[in-house]
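The values are calculated or read from the model by the stated rules, or taken from the named source; none is laboratory data. Computed from a predicted model, the values in this text were never measured in an experiment. Cβ coordinates were reconstructed from backbone atoms using ideal geometry, including for glycine residues, and neighbour counts include every protein chain displayed. Accessible surface is based on the protein model in full, side chains and every heavy atom, while ligands, DNA and RNA are left aside. Shrake-Rupley method; radii C 1.70, N 1.55, O 1.52, S 1.80 Å.
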Amino acid sequence: MAAVREAHATPLHEVVDVPSKWPFVILMIASILRAWAVFAAITYLPMYLVSQGYSLVMASTALTLMLLTGVAGQVAGGHISDRVGRKEFMVFALAGAVPLFYLFFATSGILQLVILLCFGFCLWSTFAVAVAMSHELLPGNVGLASGVMLGLAIGFGGLGVAVNGMIADTYSLAAAIGTIPLPIIGAVILMALLPYPWKTLGKSWGHQARN
């Protein structure tokens with residue numbers, strides 16, 4: 001038994017490799033910005049639809065369908081990220097939500113509603129993937145990571161909607177809605193800079209370097 005304990009003992013001079021908290025902090029800030037855009041869209045897009053002549057029932061139904069599409073997006077996003085890589089999925093899904101947001105205002109009728117659903121799919125699909133990434137960045141504090149991502153990030157993101165409200169009161173509803181893509185763009189930049197390995201793109205770059 002003494003020999004077994006000696007074989008598994010850690011030398012006193014050996015330094016335990018503790019992962020840096022900064023990647024998690026960056027992910028948390030990106031998640032706050034994403035949550036800000038999510039709650040702002042939930043708050044103001046139905047108001048925009050009503051201002052464009054849609055009935056209140058139709059606008060509420062469109063919002064419900066967008067949320068349901070987002071739930072489906074979370075399941076699909078987790079599956080896709082397992083295949084292509086979590087960082088790749090987060091960057092491209094968030095980036096894809098921006099042009100869809102502007103296309104929503106450039107269209108009308110059924111096409112406009114379809115684009116709204118696609119926007120919700122892209123934006124909401126990153127939620128579960130971000131939680132999975134937080135667990136990987138803080139493997140020794142999974143409970144803390146979950147609490148921060150599910151509570152703190154969403155809570156602070158919701159507070160960001162007050163900024164849109166002040167813009168709406170000072171300028172107009174259109175100005176408040178027009179700022180919604182800004183936190184999404186900020187989240188894309190942070191996710192691209194996040195010290196987290198690329199999976200698919202990393203293999204592609206490595207293959208080109210060898211050639």
Next item on the list: Identify the single condition in (1) open to solvent by 20 Å² or more (accessible area, probe 1.4 Å); (2) β-branched (Val, Ile, Thr); (3) under 14 Å from the mean Cα position of the chain (by Cα) that VAL163 does not satisfy, given that it satisfies every other one.
Entry: (3)
Next item on the list: Using the structure shown, decide if LEU190 is farther than 23 Å from LEU63 by Cα and buried (at least 17 other Cβ atoms within 10 Å of the Cβ).
Entry: yes
Margin query: Any residue that is part of a helix (DSSP H, G or I), more than 22 Å from GLY151 (Cα to Cα) and modelled with pLDDT of 95 or more - is there at least one of those in segment 51-64?
Written below: no
Check: Only one residue in GLY140, GLY186 is out of contact with any Cys (no Cβ under 8 Å at 6 or more places or on another chain), closer than 27 Å to ASP82 by Cβ and in a loop (DSSP other than H, G, I, E, B). Which one?
Finding: GLY140
Margin query: Need pairs with beta-carbon distance below 9 Å; first residue under 20 Å from TRP198 (Cα atoms) and acidic (Asp, Glu) and within segment 116-137, second open to solvent by 20 Å² or more (accessible area, probe 1.4 Å) and assigned to a helix (DSSP H, G or I); sequence gap 6+ or separate chains.
Written below: GLU136/ARG86
Margin query: Checking ASP82 against (1) within 15 Å of the chain's Cα centre (by Cα); (2) open to solvent by 20 Å² or more (accessible area, probe 1.4 Å), only one condition comes out false. Which one?
Written below: (1)
